[in-house]
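A.B. asks: The structure that follows is given in the form of structure tokens.
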Amino acid sequence: MAHPQPRANIARIPAYVPGKPPVVRPGVTAYKLSSNENPYPPLPGVVEAATAAVATMNRYPDMGSVALYAALSERLGVPVDDIATATGSVGLIYQVVTGFCEPGDEVVYAWRSFEAYPIAVTAAAATSVQVPLLADGRHDLDAMLAAITDRTRVVLVCTPNNPTGPAVTQTELDAFLARVPEHVVVVVDEAYLEFVRMADAVDGVATYRAHPNVVLFRTFSKAYGLAGFRVGYAVSQAPIAAALRAVSLPFGVSAVAQAAAIASLAAEAELLERVDALALERTRVRDALLAQGWDIPDAQGNFVWFPLGDRAGDLAAAADAVGVTVRPFAGDGVRVSIGEPEANDRLIEAAATLR
Ligand code: PMP
């Protein structure tokens, strides 16, 4: 029987490989360090707000997410018109290519980086231009500039970079933006923003105010621990935000997700204390691995990267053996999220067995 054929580009969409769930064995606590999730359970106040919203599930959510926009606007000190919420920040990645690329237009980004980039670009029938990272896992911004052509519509800058860890500095970003043509949208994907602890960190809000072509992508999934609820938001000058809203999935942020995001902003101080603890754990883990002799790039997100090449599977297997699941990228490396101290300890032990 003949089946209807999807567009030719659909067959070229790479698969998204979700982080492996924990491997449960009797008597061994299993830990999942494979999806850059926040290991802390939700705050009671956030659960309460979300639970109250469950009672409205026979109704569509507020499509304009009015209360969430107001809360973000106040928190960030930016106009409501400069914000676009989305179904996770992956939703924003789809929206920016849908909103700005004709078929065949080019999207420049570093590689390896977040695996949803090639998926969204290919789904939109746009063309990925992948620029290899520097040896230390940082973006090669000069090479990315050189890769921009007349067909380039979007550049994605992932900072900190998932999965390698380093972040772009404000000085580097300013020099880059000064040379990017104005018709090119520059996405600064700040999914891990709250974990950054370095000198000259990017001030996203000041940057978008100075650049009509810059859009920040942020998420409630990581620092705020709402990965399961799918809430992301973009911040840019109003015209880009309007385009992102225009192509958004109608009702794409559920009432439960909106309520949880608003409650999380209200509880931000407590959530950011947890982020501080995770950033300290990250330093502890990276220092322990460096002391073992591993070459671990600077880690500014809630994860560390082992550039293991063909030996990626070995570390994944060693971690599995102690009840910790990690995220291997075949032939390239292994990304390990920062989790509970006990999980991090086990990962450090597993890594030691390979030295
Ligand atoms: N950007 C980057 C760099 C990420 O690593 C992730 C999540 N892994 C996202 C965006 C998407 O996050 P979400 O859709 O949960 O907001």
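The values are calculated or read from the model by the stated rules, or taken from the named source; none is laboratory data. On a predicted model such as this, the values are computed, not experimentally measured, just so you know. Cβ: placed from backbone, ideal geometry, glycine included. Neighbour counts: every protein chain shown.
A.B. asks: Within segment 69-89, identify whether any single residue is within 15 Å of the ligand (Cβ to nearest atom) and at positive phi, and answer yes or no.
C.D. replies: Within segment 69-89 (the criterion being within 15 Å of the ligand (Cβ to nearest atom) and at positive phi), the answer is yes, since at least one residue qualifies.
A.B. asks: Only residues that are more than 14 Å from the ligand (Cβ to nearest atom), more than 22 Å from ASP81 (Cβ to Cβ) and of a type outside the set (A, V, I, L, M): list them for segment 177-211, please.
C.D. replies: Result: ARG179, PRO181, ARG197, ASP200.
A.B. asks: May I pose another question? Can you work out which of the residues in segment 26-68 that are of a type in the set (S, T, N, Q) and away from the ligand (no atom under 16 Å from the Cβ) is nearest to PHE220 (Cα to Cα)? Show your work before the answer.
C.D. replies: Step one: list which residues in segment 26-68 are of a type in the set (S, T, N, Q), which gives 29, 34-36, 38, 51, 56, 58, 65.
Filter once more, so that each one left must be away from the ligand (no atom under 16 Å from the Cβ): 29, 51, 56, 58.
Values: THR29: 27, THR51: 18, THR56: 22, ASN58: 25 Å.
Checked segment 26-68; the qualifying residue nearest to PHE220 (Cα to Cα) is THR51.
A.B. asks: Hey, among the residues in segment 185-208 that are farther than 15 Å from GLY301 by Cβ and touching a residue at least 40 places away in the same chain (Cβ under 8 Å), which one's surrounded by the fewest Cβ atoms within 10 Å (Cβ to Cβ)?
C.D. replies: VAL205
Residue-wise test of (1) under 19 Å from THR219 (Cβ atoms); (2) outside the structural domain of VAL304 (by TED's automatic domain parsing); (3) among the charged types (D, E, K, R); (4) modelled with pLDDT of 95 or more.
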{"position": "TYR117", "(1), (2), (3), (4)": "yes, yes, no, yes"}
{"position": "ALA126", "(1), (2), (3), (4)": "no, yes, no, yes"}
{"position": "ASP142", "(1), (2), (3), (4)": "no, yes, yes, yes"}
{"position": "ALA146", "(1), (2), (3), (4)": "no, yes, no, yes"}
{"position": "ARG151", "(1), (2), (3), (4)": "no, yes, yes, yes"}
{"position": "THR164", "(1), (2), (3), (4)": "yes, yes, no, yes"}
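A.B. asks: How about segment 280-329: which of its residues are crowded, with 21+ Cβ neighbours inside 10 Å, touching a helix residue (DSSP H, G or I) at 6+ places or on another chain (Cβ under 7 Å) and small (Gly, Ala, Ser)?
C.D. replies: Passing the criteria: ALA299, GLY301, ALA319.
A.B. asks: For segment 228-242, does any single residue satisfy the condition of being buried (at least 18 other Cβ atoms within 10 Å of the Cβ), in contact with a strand residue (DSSP E or B) (Cβ under 9 Å, 6 or more places away or on another chain), among the basic types (Lys, Arg) and within 17 Å of ARG75 (Cβ to Cβ)? Explain how you work it out, then say what you get.
C.D. replies: First pass over segment 228-242, keeping only residues buried (at least 18 other Cβ atoms within 10 Å of the Cβ): 229-237, 240-241.
Now drop any that are not in contact with a strand residue (DSSP E or B) (Cβ under 9 Å, 6 or more places away or on another chain), which leaves 230-237, 240-241.
Now narrow it down to the ones that are among the basic types (Lys, Arg): 230.
Remaining after also requiring within 17 Å of ARG75 (Cβ to Cβ): none.
Taking every residue of segment 228-242 in turn, none turns out to be buried (at least 18 other Cβ atoms within 10 Å of the Cβ), in contact with a strand residue (DSSP E or B) (Cβ under 9 Å, 6 or more places away or on another chain), among the basic types (Lys, Arg) and within 17 Å of ARG75 (Cβ to Cβ).
A.B. asks: Continuing with this model, one more query. Among (1) within 25 Å of PRO307 (Cβ to Cβ); (2) among the aliphatic types (A, V, I, L, M); (3) without any contact (Cβ under 8 Å) to a residue 40 or more places away in the chain, there is one condition VAL108 misses while meeting the rest; what is its number?
C.D. replies: Failing condition for VAL108: (3).
A.B. asks: Looking at ASP332, ASP320, ASP276, ASP298, which is the one that is more than 30 Å from GLU182 (Cα to Cα) and without any contact (Cβ under 8 Å) to a residue 24 or more places away in the chain?
C.D. replies: Answer to the check: ASP276.
Residue by residue, here is whether (1) at pLDDT below 90; (2) over 23 Å from ALA267 (Cβ atoms) holds:
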| position | (1), (2) |
| --- | --- |
| ARG12 | no, yes |
| PRO21 | yes, yes |
| PRO44 | no, no |
| ALA53 | no, no |
| TYR60 | no, yes |
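A.B. asks: Give me the residue from segment 212-237 that is among the aliphatic types (A, V, I, L, M) and either in the same structural domain as LYS32 (by TED's automatic domain parsing) or within 8 Å of the ligand (Cβ to nearest atom) (or both) and, out of that set, nearest to ALA67 (Cα to Cα).
C.D. replies: Step by step, filter segment 212-237, then rank; the result is VAL231.
A.B. asks: Hey, another quick one. Exactly one condition in (1) at negative phi; (2) within 13 Å of the ligand (Cβ to nearest atom) is false for ARG151; which is it?
C.D. replies: With respect to (1) at negative phi; (2) within 13 Å of the ligand (Cβ to nearest atom), ARG151 is out only on (2).
A.B. asks: Specify the residue that is surrounded by the most Cβ atoms within 10 Å (Cβ to Cβ); the eligible residues are those in segment 90-110 that are within 14 Å of the ligand (Cβ to nearest atom), over 22 Å from GLU37 (Cα atoms) and not small (Gly, Ala, Ser).
C.D. replies: Top of the filtered list is VAL96.
A.B. asks: Condition test on GLN130, is it within 16 Å of the ligand (Cβ to nearest atom) and in the same structural domain as ALA238 (by TED's automatic domain parsing)?
C.D. replies: Judged against the criteria, GLN130 is a match.
A.B. asks: On to the next question. Do you know which residues across segment 150-171 are surrounded by fewer than 18 Cβ atoms within 10 Å (Cβ to Cβ), in contact (Cβ under 8 Å) with a residue 24 or more places away in the chain and not in a helix (DSSP H, G or I)?
C.D. replies: In the first step, residues of segment 150-171 are kept if they are surrounded by fewer than 18 Cβ atoms within 10 Å (Cβ to Cβ); the result is 150-151, 169-171.
Subset that is in contact (Cβ under 8 Å) with a residue 24 or more places away in the chain: 151, 169-171.
Result: ARG151, THR169.
A.B. asks: Which pairs turn up if I take residues in segment 246-259 that are in the same structural domain as VAL231 (by TED's automatic domain parsing) and look for partners that are in a loop (DSSP other than H, G, I, E, B) and aromatic (Phe, Trp, Tyr) with beta carbon separation below 7 Å, at least 6 apart in sequence or on another chain?
C.D. replies: PHE251/TYR60
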